[in-house]
Structure formats: C-alpha cells, structure tokens
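J.: Structure provided below as structure tokens; questions to follow.
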Amino acid sequence: MIVRRYLGLIGLVFCLSGPSLLRADILLNSLAGLSGLCLYDGTASTYPNTSTATTCVAQSTTTVAIGVHPAWQPNHPVNPGASDNSAVWISYQPSGFGDVGGFVPYKGTTPVFALEQTFAATSGQTLKLHVWADDTAGVYLDNIQLKAPMFTQSTCSGQPIGCRSQDLGTFNEVLNQGTHTLRFDVFQVGTGTTTSTNPIGLLYTGAVVPDGGVTLMLLGGALVGLETLRRKLRA
C-alpha cells in the first residue's frame with residue numbers, strides 16, 4: 001500500500017520534469033546564415049581608427065562561419081539550456097583565423113558590427129546563454145546592457161567576455177511575456193595586421209526554457225516522500 005501511494009507522485013514528477021527541465025522552446029545559436037547584422041561605420045571594408053560612429057547601419061548580408069584560432073573556445077560548445085551543440089564562430093565577413101579577404105583592423109572602443117536576434121517568450125521563461133568573442137563583446141537584452149565589453153588585452157580580453165574557454169559570459173535572465181531582442185556588439189581591440197594575428201568573431205549558444213520552479217518544488221516533495229518511504233520499509 002505504501003509503494004502504491006508514492007507511485008502516482010513519482011509518475012507525476014517525471015511527467016512534469018521531463019518537459020520543464022529538458023526541453024528548450026527556443027534555441028539561440030551563432031550560425032552561418034543569420035540575418036540581423038549591422039555595421040557601426042556603415043561600410044563593409046574600411047574601419048578608420050578615428051571612427052566615432054554610434055549608428056549601426058543594417059546590412060543585407062548574413063553571418064558566415066569563420067576560421068577558429070587555436071586559443072579560442074572550440075566550435076560546438078555545450079548549450080546551457082538544451083541538448084544542442086550546433087553553435088560555431090561567426091562574423092559578418094571571413095574575419096576569422098587564417099581567413100582570406102575579411103581582415104578587420106583595430107577599432108578600439110567603437111564596435112565593428114552588431115548582431116540582433118529576436119524571439120518571443122512567455123512570462124517566467126528563462127534565457128540561458130553563454131557568449132565568447134574576439135576581442136570582446138557587449139551583450140544587450142531589449143537595449144538594456146547585460147554585460148559591458150572588456151578592453152583589457154591578453155589573449156583577447158583575458159576575462160569575460162573573451163575568446164578563451166574560461167572567458168565566457170554566462171547569463172540567466174528571467175523573461176516577461178512578449179517579443180525580445182538580444183544584441184551582441186563585437187569589438188576589435190588587437191593591433192595585428194592579418195587575420196592570423198588579429199581575427200575577430202563571435203560565438204554564443206543558449207536557449208529559452210520554461211520556468212522550472214514549480215517542477216523543482218514537486219521534485220523536492222517527491223524526494224522527501226521517497227525518503228519517508230525508504231525509512232518505513234527499513235523499519
């Protein structure tokens with residue numbers, strides 16, 4: 001009788017925890033072919049050091065996959081909100097390690113390009129996101145800055161947000177119902193003169209997932225029940 005009493009509770013918890021804890025409603029990954037690009041000085045080829053432009057000019061092009069520097073976080077990082085590892089390093093042109101025809105010189109504290117991704121969410125959903133960039137990036141949600149760029153220089157910024165595995169920016173943002181815009185401003189702070197010595201790119205992976213609060217409470221209650229059951233069976 002005691003076992004039967006808990007079978008329903010255990011089944012309920014597994015039915016609810018499966019979708020809530022494992023399913024990602026929306027994937028947000030850096031991939032080739034994404035629209036939403038703009039350039040901060042309005043040109044696809046020239047970036048003068050004296051540029052102070054703050055307007056991002058929309059582009060008709062889409063993102064491209066780029067060469068990965070040996071020091072960078074490798075392609076296909078683990079997604080913090082889903083069983084997915086499709087993200088790759090991207091840029092608005094072939095500006096990655098060893099790429100031809102897309103070198104981007106020093107731009108300092110003026111961003112080179114931005115990428116916007118728009119998605120819809122229901123109240124209580126959470127955006128789980130990991131971000132890397134060379135040299136660094138600013139991250140915005142609905143025009144509110146979540147993370148400022150870091151203009152120190154080591155290997156990229158040397159701290160979040162940077163390009164090495166340990167220099168990722170980590171985000172867990174609870175969302176309101178409605179449409180949201182995620183924006184990445186990407187910066188070139190290095191002074192090398194080729195894509196091999198001074199690449200630029202962006203890598204991110206994330207998902208919008210349901211609120212797990214209710215499920216976690218149910219799971220906690222189930223665990224308490226199971227512990228009580230265990231003690232009674234041992235008595």
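Per-residue answers, yes or no, for (1) in the same structural domain as Leu31 (by TED's automatic domain parsing); (2) closer than 22 Å to Ala207 by Cα; (3) not hydrophobic (A, V, I, L, M, F, W, C):
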site	(1), (2), (3)
Ser83	yes, yes, yes
Gln93	yes, no, yes
Phe103	yes, no, no
Lys107	yes, no, yes
Asp135	yes, no, yes
Ile144	yes, yes, no
Ala148	yes, yes, no
Thr152	yes, no, yes
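J.: Kindly check whether there is at least one residue in the stretch 35-51 that is under 18 Å from Cys163 (Cα atoms) and modelled with pLDDT of 95 or more. I'd like the intermediate steps shown before the answer.
T.: Taking the stretch 35-51 and keeping what is under 18 Å from Cys163 (Cα atoms), we get none.
Scanning the stretch 35-51, I find no residue that is under 18 Å from Cys163 (Cα atoms) and modelled with pLDDT of 95 or more, so the answer is no.
J.: Would you pick out the residues in the stretch 63-85 that are surrounded by 15 or more Cβ atoms within 10 Å (Cβ to Cβ), of a type in the set (Val, Ile, Thr) and outside any strand (DSSP E or B)?
T.: Listed by number, the residues that qualify are Thr63, Ile66, Val68.
J.: If you go through the stretch 118-133 one residue at a time, do you hit one that is within 15 Å of Gly201 (Cβ to Cβ), in the same structural domain as Gly201 (by TED's automatic domain parsing), part of a loop (DSSP other than H, G, I, E, B) and in contact with a Pro (Cβ under 9 Å, 6 or more places away or on another chain)?
T.: Scanning the stretch 118-133 turns up no residue that is within 15 Å of Gly201 (Cβ to Cβ), in the same structural domain as Gly201 (by TED's automatic domain parsing), part of a loop (DSSP other than H, G, I, E, B) and in contact with a Pro (Cβ under 9 Å, 6 or more places away or on another chain).
J.: Looking only at the stretch 118-169, how many residues end up being surrounded by fewer than 22 Cβ atoms within 10 Å (Cβ to Cβ) and more than 22 Å from Thr181 (Cα to Cα)?
T.: Matching residues across the stretch 118-169 total 10.
J.: Further question on the same structure: So Pro94 fits all but one of (1) buried (at least 21 other Cβ atoms within 10 Å of the Cβ); (2) part of a loop (DSSP other than H, G, I, E, B); (3) under 21 Å from the mean Cα position of the chain (by Cα); what number is the exception?
T.: Pro94 satisfies all of (1) buried (at least 21 other Cβ atoms within 10 Å of the Cβ); (2) part of a loop (DSSP other than H, G, I, E, B); (3) under 21 Å from the mean Cα position of the chain (by Cα) except (1).
J.: Tally time: how many residues in the stretch 176-193 are within 21 Å of Tyr40 (Cα to Cα) and in a loop (DSSP other than H, G, I, E, B)?
T.: Result for the stretch 176-193: 6.
The values are calculated or read from the model by the stated rules, or taken from the named source; none is laboratory data. Because the structure is predicted, anything quoted here is derived from the model rather than measured. As a convention, Cβ positions derive from the backbone with ideal geometry for all residues, glycine included, and neighbour counts pool all protein chains shown.
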